[in-house]
Structure formats: structure tokens, C-alpha cells
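The structure appears below as C-alpha cells.
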Amino acid sequence: MTIFLEPLIDRVRLGLAAVPQNMIDDPQIYQALKDSQKFLDQIKDTTRITEDYEKTCLTMLAVYYAYVGYSSLATRDLGNVPEAAVLLVDTYRSIALAFLQPISVFPLNPDLTINTASMTTMRGLAFAMSQSFIEDD
């Protein structure tokens, strides 16, 4: 399924209601959507995701990415991180994680990275050999 990102810009902007519109422009949101799509394409289980749910995942992850970019700019301009920014970054990340976990083929950490530690665990396989009761002809 091909998802066009341009129509999702308005959905991301709605998710960023706390940010003045002049602080994040459409090209920044589009870049956040492209980054979201790259990450989602790496982790999604294509058998467990619908197009509508994928759009929602892309939107929520792009809101998180765009807000991180905005808070970085605000920090650079103001010299410190606004108190609400830390809370909103955590909130947007938690929301994105809640949408991504059900469709991810990999376990995800709370910081939206792939939990590689759980992938290195080897599971044992038991087998045994015994004498056959089937006669050879």
C-alpha cells in the first residue's frame, strides 16, 4: 500500500496544536513524516496493519519528531528548555509508542528504539533420537 504523505501534514499540525503555526512550517512536518515512514517501514508487520492505522502511526510518530525538532529550536533560541516541552516530548513519545507496539515485528523500548537485547536471547530446541519401530524391506 502506498501512502501519500502530503495529506497527512494537516493531521500532524492538529497534533501540534500547542505549537504556534509559524514555528513549524510544512516542509519540517513533511520531513518528520518521511522520517516516520522510514522507521515504520522497518518495523511494521504488514500482515497486522491497515492503511488507516498506518496513517495514524505515521501521524503520531511525525508529531513526536516534529515536536522534538521544535523544542530543539526553542532551546537554541531561548537558551533553555521550556518546562512544558519536556513533558510534551515524553507524552508524544508515549503516544507514538502505544500506536507502534501492536504492529511492530520488533520489541520497542520506551525511547522508540528497537530492543536489541531481547533479540539476542537464544531459545533452546530439544530433540532426541530413538530406535525406529518401522521395519526396512
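For this structure, a couple of remarks:
- The calculated P(r) of region 6-119, using every Cα pair and 10 Å bins from 0, goes 14, 45, 31, 10, 1 in percent.
- Remark: spin-label model distance Asp25-Leu87 equals 3.1 nm, labels positioned 7 Å along the Cα→Cβ axis.
- Using just its DSSP H runs of length 4 or more, each adding -39500 (n - 2.57), the chain gives a mean residue ellipticity at 222 nm of -17500 deg cm²/dmol after division by all residues.
- Convex hull of region 2-61 built on C-alpha atoms - directionally averaged projected area, nm²: 4.0 nm²
- Folded to 0 to 90 degrees: helix 83-100 orientation relative to the chain principal axis, Cα: 30 degrees
- Acute angle (nearest 10 degrees) that the helix 51-78 long axis makes with the longest principal axis of the chain, alpha-carbon atoms: 50 degrees
Computed from the coordinates by the stated procedures, all read-outs in this text should not be read as laboratory data. Computed from a predicted model, the values in this text were never measured in an experiment. Cβ sites come from the backbone with ideal geometry, for glycine too, and all protein chains shown count toward neighbours.
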